[in-house]
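The values are calculated or read from the model by the stated rules, or taken from the named source; none is laboratory data. Here the structure is a predicted model, which means the values were calculated and not measured. Every residue, glycine as well, gets a Cβ built from its backbone with ideal geometry; the counts of neighbours run over all protein chains shown. Protein only, heavy atoms only, side chains kept; ligands, DNA and RNA dropped before computing areas. Shrake-Rupley method; radii C 1.70, N 1.55, O 1.52, S 1.80 Å.
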Amino acid sequence: MDAEAQESFREFVAGRSSALLRTAVLLTGGDRHAAEDLLQNALVKAAGRWQRIDEPEAYVRQVLYRQQVSRWRLKWPRREVTVAEPPEAAAAPDASGVAELRLVLRSALSRLTARQRTVLVLRYFEDLPEADVARLLGCSVGTVRSTTHRSLARLRTLAPELAALDGPGRQPSRDFSPVEVRP
């Protein structure tokens, strides 16, 4: 890699690594250490091909998704260990409800399988259409739909408090769009 390409790569990492890390944290179920490893591996792969990559962020995101898929396809899956994180900065008093929902959502997401979590992150956090999710994960659109449906049903079971987001008197929507989760 020449000096110009190295500088370009450094600028990309400095400018986009925090957004990519947020996605990685969601993909790993809130495990920041695993997310850092996932992002680091994706950036190493991108650095090796940097001069041939047309859209760097799209490339790195696709590597993130595929590596996460590879993790949950392992013959001997790794056990996820939930660890306590330092408390977030004190929020304004009226924001406690939002913070509580964020914690409930994070806890519920961590209890989903890696596959379920990956599909939900791609569909609702990344806002990708089903066809793109299927292409990224190497499965059919029907598999994405059924996994999304089962994942949302499990999420509603794990965190019934999230049903309040649909509004009073409404049936829960099929396109459940969770509140933004900030890792």
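Here are some notes:
- Residue in the stretch 50-63 that is touching a residue at least 24 places away in the same chain (Cβ under 8 Å), loosely packed, with under 14 Cβ neighbours inside 10 Å and not β-branched (Val, Ile, Thr) present: yes
- Among the residues making up the stretch 109-147, those that are open to solvent by less than 10 Å² (accessible area, probe 1.4 Å) and among the β-branched types (Val, Ile, Thr) are 118, 119, 121, 133, 144, 147.
- All of (1) assigned to a helix (DSSP H, G or I); (2) surrounded by 17 or more Cβ atoms within 10 Å (Cβ to Cβ) hold for residue 30 with one exception: (1).
- Residue in the stretch 98-108 that is modelled with pLDDT under 75, open to solvent by less than 80 Å² (accessible area, probe 1.4 Å) and small (Gly, Ala, Ser) present: no
- Long-range neighbours under 6 Å by Cβ, at least six apart or interchain, first residue within 14 Å of residue 46 (Cβ to Cβ) within the stretch 11-28, second among the charged types (D, E, K, R) and in a helix (DSSP H, G or I): 16/57
- Residue ID - most open to solvent (accessible area, probe 1.4 Å), chosen from residues in the stretch 64-82 that are modelled with pLDDT under 80 and closer than 18 Å to residue 121 by Cα: 73
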